1. Going by the structure shown, is L284 in contact with a helix residue (DSSP H, G or I) (Cβ under 7 Å, 6 or more places away or on another chain), surrounded by 17 or more Cβ atoms within 10 Å (Cβ to Cβ) and either of a type in the set (F, W, Y) or at pLDDT 95 or above (or both)?
2. Which residues, counting only those in the stretch 240-255, are of a type in the set (G, A, S) and assigned to a helix (DSSP H, G or I)?
3. Any idea which of V311, V270, V256 is more than 27 Å from S14 (Cα to Cα), among the β-branched types (V, I, T) and surrounded by 14 or more Cβ atoms within 10 Å (Cβ to Cβ)?
4. Regarding K102, is this residue basic (K, R), surrounded by fewer than 22 Cβ atoms within 10 Å (Cβ to Cβ) and modelled with pLDDT of 95 or more?
5. Scan V261, V335 and give me the residue that is surrounded by 19 or more Cβ atoms within 10 Å (Cβ to Cβ) and in a helix (DSSP H, G or I).
6. Identify the residue in the stretch 116-141 that is touching a helix residue (DSSP H, G or I) at 6+ places or on another chain (Cβ under 8 Å) and among the small types (G, A, S) and, among all such residues, is nearest to S152 (Cα to Cα).
7. Write out, first by first residue and then by second, each pair whose Cβ atoms fall under 8 Å of each other, whose residues are 6+ apart or on separate chains, and whose first residue, in the stretch 295-315, is more than 14 Å from L242 (Cβ to Cβ) while the second is basic (K, R) and surrounded by 15 or more Cβ atoms within 10 Å (Cβ to Cβ).
8. Looking at S164, S152, S131, S106, which is the one that is in contact (Cβ under 8 Å) with a residue 24 or more places away in the chain and under 25 Å from A268 (Cβ atoms)?
Amino acid sequence: MKYRKLGKTGTEVSVIGLGCRGFGRRGVSEADCIRTVEVAMDNGVNFFDTADVYGDGQSETILGKALRGKPRDNFIIATKGGSERLPGAGERQNGDPRFLRKALESSLRRLGMDYVDLYQLHNPDPAVPLSVTAEAFARFVEEGKVRYIGVSNMSPEELREWLSYIGDTVSIQLPYSVADVRRVVSLYATGEFQRISLIPWTPLFNGWLVNPPAREPEKRTGLAAAFTEEFIEALNDAAQELGKIAADRKSPLSAVGLAFVMAHPAVASVPVGAVRPEHLLEDLRACELTLDESDLERLSQTARKMPKPEVVARLKVRDVLRDGRVAVLEMGAKVRVPEPVKPGDELEVDMWDLSVKAVHRTGPA
């Protein structure tokens, strides 16, 4: 196992971490999850990433159970707050300090720990000023409940503002894979954020770089059915390119995809979403693989050709905040809008990044 510094701290994290989003899901064995954590530690993994909303809190509970009795200095726990579960399957951002405090205390209780190493804002809340949310995070550090602060899913503009409040923020989580490099390329293009470590999420693009959706529309279901035909074609082509390099290197396709992600100089740790030991061991083979310049260039060219992954839905505005500049959607999430809207209006929203593509008025303003 190789290790890298987390931001500008002296803390070293394993370049492959264990992402625990699948822990607590229906049909996933708790015993398998606990054994996966044990196998991870046996193989040098010390970075474990979870969130309070994963499995309705069960992810943190299972992870805490798996680590109970082990020396606290042997692992780095990263969890997240700032997303609120809604009745049913929805979530919404919540950056209110009172909510965040309750969320952190609940996370600590489920984990069975006095502090977390890395506490990350899961999603910025457009209805709460970043300064207010940042003040709450800074207080958690002062109280000894959090060692380091990270963020997730921020634009360069949002991160710039956040750093003006908490300059020693150490990391950001963004999607990064051969199928989706746009947000990371944009963030690190100028060198302004070089001191901020990248923790990529969905490094194998939801597993579709290993098992891509069918090219035939009638064979696709779920989220895969919502992508454009252009994107599905490009995704299949990207998986084929990974497969060619994997065959040449006699490595699992997943290892090649992860090795590409690990090659980014800002990456500290790549959390992989294994829930069974054998899947984790296959992913760990990425640590044995160093892609040469020609391989990296082939995959970089493939990534540059990928169209933006858009999943556009037309959703009704349930409520408005901040003088109509923030819309609360019928599914619960909050989005910034380019112009004031009112309840009942409809928005075309890209569900991949919650950007508003169009506004449809339903009556007089």
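The values are calculated or read from the model by the stated rules, or taken from the named source; none is laboratory data. These numbers were taken from a predicted model, which means no experiment stands behind them. Because the Cβ atoms are built from the backbone with ideal geometry, glycine has one as well, and the counts that use them run over all protein chains shown.
1. no
2. Matches in the stretch 240-255: G243, A246, A247, S254, A255.
3. Step by step, each of V311, V270, V256 is checked, and only V311 is more than 27 Å from S14 (Cα to Cα), among the β-branched types (V, I, T) and surrounded by 14 or more Cβ atoms within 10 Å (Cβ to Cβ).
4. Judged against the criteria, K102 is a match.
5. On inspection, the qualifying residue turns out to be V261.
6. Out of the qualifying residues, it is A134.
7. Short answer, once both residue conditions are applied: K308/R182.
8. S152
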